[in-house]
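Report on the structure given below.
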Amino acid sequence: MKILLAEDDKQLGESLQAALALEGYAVDWMTRGQDILPALDVAAYDALILDIGLPGKSGLDVLQELRQRATTLPVMLLTARDTVADRIQGLDFGADDYLSKPFDVNELFARLRSILRRSAGVAGPSLVAGELEIFPHNHEVRFKGEPVLLPAKEVAVLEVLVRNRGRFVTKTRLAESLYSWDEGVGSNTLEVYISHLRKQFGGDSIETLRGVGYRLAL
Ligand code: CA
């Protein structure tokens, strides 16, 4: 899952980026309000964590413009100004949730999982495709009821495929959801992950459409 983090506080931004990366998210971090919408144009993000008090363009202005584009991207607002008016305006502008600083990073993770579940149309704690079940809160994977141990990046690939069940996901979109700007992507890395997953869940479990991408067939 790929997250865009918009936070101008260097210390908080750095620690959030590191903590989210440890949780298995690919995180791009930006500090200026005017950069957020252009960034959303060039890469496919699964959620936006948006500080209200950003230089250049306020988080609320970014949010309002974003929602005028009729996108459903899940947005979590961060607010230092603990005023009811800000929160009401943020929610009315289309934020999915908010957190007031200071907050516990574990609460941020839980709320992030919650808005990601809702955006995938899932109400429970797990994602299910046939006999495959993924628990995003602890990255646990079960197949036919049995736990399956997989490297974190392979769980991430699987999660994107399950969230897009029934649709082909392009290689670009998959690679983007795995890596942030700062990380290099080996050209064959994705193919290696897919090949491992097929060994685990069966050769027919993931379909390839040449030149397009992959689709889960469970
Ligand atoms: Ca700020």
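If a residue has to be more than 16 Å from the ligand (Cβ to nearest atom) and in a strand (DSSP E or B) to count, how many in the stretch 1-46 make the cut? Selection size over the stretch 1-46: 5.
Of the residues making up the stretch 22-37, those that are of a type outside the set (S, T, N, Q) and at pLDDT 95 or above are Val27, Asp28, Trp29, Met30, Arg32, Gly33, Asp35, Ile36, Leu37.
Considering Ala70, Ala95, Ala129, Ala110, which residue is more than 24 Å from Asp28 (Cβ to Cβ) and within 21 Å of the chain's Cα centre (by Cα)?
Criteria check complete, one pass: Ala129.
Taking the criterion of being closer than 20 Å to Ile134 by Cα and in contact (Cβ under 8 Å) with a residue 24 or more places away in the chain, the residues of the stretch 181-204 that qualify are Leu190, Tyr193, Ile194, His196, Leu197, Gln200, Phe201. Taking Leu178 as the residue in question, decide whether it is in contact (Cβ under 8 Å) with a residue 24 or more places away in the chain, in contact with a Lys or Arg (Cβ under 9 Å, 6 or more places away or on another chain) and over 20 Å from Asp28 (Cα atoms). No; evaluated as a whole, the condition is false for this residue.
The values are calculated or read from the model by the stated rules, or taken from the named source; none is laboratory data. Keep in mind the model is a prediction, meaning the values are calculated, not measured. Positions of Cβ are generated from backbone atoms using ideal geometry, with glycine treated the same way; all protein chains shown enter the neighbour counts.
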